[in-house]
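The values are calculated or read from the model by the stated rules, or taken from the named source; none is laboratory data. Computed from a predicted model, the values in this text were never measured in an experiment. Cβ placement follows ideal geometry from the backbone for every residue including glycine, while neighbour counts extend to all protein chains displayed. Side chains are part of the model used for accessible areas, which takes the heavy atoms of the whole protein and leaves out ligands, DNA and RNA. Shrake-Rupley method; radii C 1.70, N 1.55, O 1.52, S 1.80 Å.
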Amino acid sequence: MRKLLMMLMATAICALVTTSCVKGPDDVPPSPTPTPTPTPTPTPEEQYDAAFLNYVGGTIASNQDWGFNASVAAARGMTRGKYGQDDPRDGYALSLDPKYQKSYTKNFYDEIFKFLPEGKKVSDDIYTNFEFEDRGPFRFDIIFSYTTQDIEIGYYHYGPNQSPDDRKEKKLVTAFVQDLAKEDYFQYTKNGVTWTTPDADMGYQMFSLLGANEVQARFFTLRDGSEEGDPIDVPVGDIVGFYVKAGDKKVYTNRYLNENQEDKYFAVLYDDNKDGILYGSYVIGLEDFDSNEDDHDCNDVIIVVNNHLEDTYPLLRIPKPTWRVIGEDLSAEENTDFDFNDIVLDVTLTKEGAECVLQAAGGQLPLRVNYDDNLEVHKLFGVDQKMMVNTINLEKHPELKQYKVDKDPVKFSIKGSFKSVYDVVIQVQKGNQWHELYAKPGGSACKILVKPTFKWPDELESLKVVYPKFIDYVNDPNVKWYP
């Protein structure tokens, strides 16, 4: 019995121990909940990049530079020397006739046509984009005609601190062929004694058909208007160029003023070799717009600017282009419209920095140029920040009437050393921080470089809707996506 009691007691003790050592699920303490890692808030740039990539369809050409490589400043120099008025070199005989004063030999013409041959596009080695810096009175002759087109020829000028858009123009020849017949622009001689007026359409054929060995041409003189009797008022220091017009089409020696900047309508020759026949003269060739030809040989009419009778001959000047920057203000988180009119800024690089013209400000965030609060776009236009300047079309969006304002463009200058227009910094303020507008090579762009003839979209009008070829351009920078 005692043995049985002891066994029962042992069994009970074992059961008690087992019960105390094995815990049920309700007795297990809960594991600590891990602290979630906070998702970083994307930056305005990251939000914009994602939205832009989605906007253009997810792909961007690896060589896409958004136009900015085209604006890299490239300086080209041209030397010049002074040609002596009494130098007897062939090609520079002086006429005593007060109407003509100067004559040009066949050798002079032959040299010109070595560089501007008939029927061949003008060489890329020849200046086809140029103007002159006026240093006082200078004279020029229209010495050659090989055209049957009644073109208008004239000159233009603007101040050294002005834009070419501020130019003044004056006609020199109203209808070229008719004027030649009326005004005796040319005379020729075979012997240097008897001068004869050719038919109006003879032009260079004075040599080939009439046997001339010397031609004299009526001359014009650009003067500064400071002396009594000065026929043309061009202030000293002004920039001077020429134009030609046929019908409604007009082109300029400053190619950046032309609708199609790639076509060449003018060429200028200058020989700085003292032994050269053309030495001491700028020889300007122009195209006559013959609808049956597309040769762009720039030899249909020849103008010579020289310093034989004037000491204040002009200096050749190579114009620099004006570019237009169109920008979005990084408002991707606000469902940006991608109309690229939040800022529209024209920029011309100069030795001192850049000349700028603010054309439009369609954004409602602060936007400034060159880190300067005084160059904030709304402040420059003199309007409240909520106003949209020169971008709203009320026929399309009458609901924006309260924000619409139209203003004249605003000009300003900035100082600095800019290798390209890209270096002209544009910033948008979001919160308390300024963010720079950018154009990533092969990536997204919140600023794009275009020609100054580009028409920016109206407010809330998407760039790719207004210009359907824009998406083609995104994937191929060689595509011409706007007129």
Task: Residue among Val357, Val383, Val325, Val377 that is under 16 Å from Tyr438 (Cα atoms) and among the aliphatic types (A, V, I, L, M) - done: Val325
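If a residue must be aliphatic (A, V, I, L, M) and either under 20 Å from Val215 (Cα atoms) or part of a helix (DSSP H, G or I) (or both), how many such residues does segment 134-178 contain? Let's see the steps before the verdict.
Restricting attention to segment 134-178, the residues satisfying the condition of being aliphatic (A, V, I, L, M) are 142-143, 151, 153, 172-173, 175, 177.
Applying the additional criterion that residues be either under 20 Å from Val215 (Cα atoms) or part of a helix (DSSP H, G or I) (or both) yields 142-143, 173, 177.
Going through segment 134-178 one residue at a time, the tally reaches 4.
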- [ ] Check off (1) out of contact with any helix residue (DSSP H, G or I) (no Cβ under 6 Å at 6 or more places or on another chain); (2) part of a strand (DSSP E or B); (3) open to solvent by less than 90 Å² (accessible area, probe 1.4 Å) for Asn374 and give me the number that stays unchecked.
- [x] (3)
Open item on the list: Which pairs turn up if I take residues in segment 265-290 that are under 24 Å from Gly247 (Cα atoms) and look for partners that are of a type in the set (Lys, Arg) with beta carbon separation below 9 Å, at least 6 apart in sequence or on another chain?
Closed with: Tyr265/Arg255; Phe266/Arg255; Glu287/Lys264; Phe289/Lys245; Phe289/Lys249
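Looking at Gly276, Gly285, Gly327, which one is modelled with pLDDT under 90 and open to solvent by less than 40 Å² (accessible area, probe 1.4 Å)?
Gly276
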Open item on the list: Let me spell it out: the conditions are (1) on the phi > 0 side of the Ramachandran plot; (2) buried (at least 22 other Cβ atoms within 10 Å of the Cβ), and Ile302 meets all of them except one. Which number is the exception?
Closed with: (1)
- [ ] State which residue is modelled with the lowest pLDDT when the search covers only segment 416-465 and only residues that are open to solvent by 60 Å² or more (accessible area, probe 1.4 Å) and over 21 Å from the mean Cα position of the chain (by Cα).
- [x] Gly431
Task: Test: Asp423 is under 24 Å from Tyr371 (Cβ atoms) and of a type in the set (Asp, Glu) - done: yes
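Per-residue answers, yes or no, for (1) free of Cβ contacts under 8 Å to residues at least 24 places away in the same chain; (2) out of contact with any Ser or Thr (no Cβ under 7 Å at 6 or more places or on another chain); (3) aromatic (Phe, Trp, Tyr); (4) under 22 Å from Tyr482 (Cβ atoms):
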residue: Thr348; (1), (2), (3), (4): no, no, no, yes
residue: Asn370; (1), (2), (3), (4): no, yes, no, no
residue: Glu376; (1), (2), (3), (4): yes, yes, no, no
residue: Lys379; (1), (2), (3), (4): yes, yes, no, no
residue: Pro398; (1), (2), (3), (4): yes, yes, no, no
residue: Ile414; (1), (2), (3), (4): no, yes, no, no
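For segment 420-437, which positions are more than 12 Å from Leu345 (Cβ to Cβ) and without any contact (Cβ under 8 Å) to a residue 60 or more places away in the chain? Can you show your working first?
Step one: list which residues in segment 420-437 are more than 12 Å from Leu345 (Cβ to Cβ), which gives 420, 422-423, 427-436.
Correct list: Asp423, Gly431, Asn432, Gln433, Glu436.
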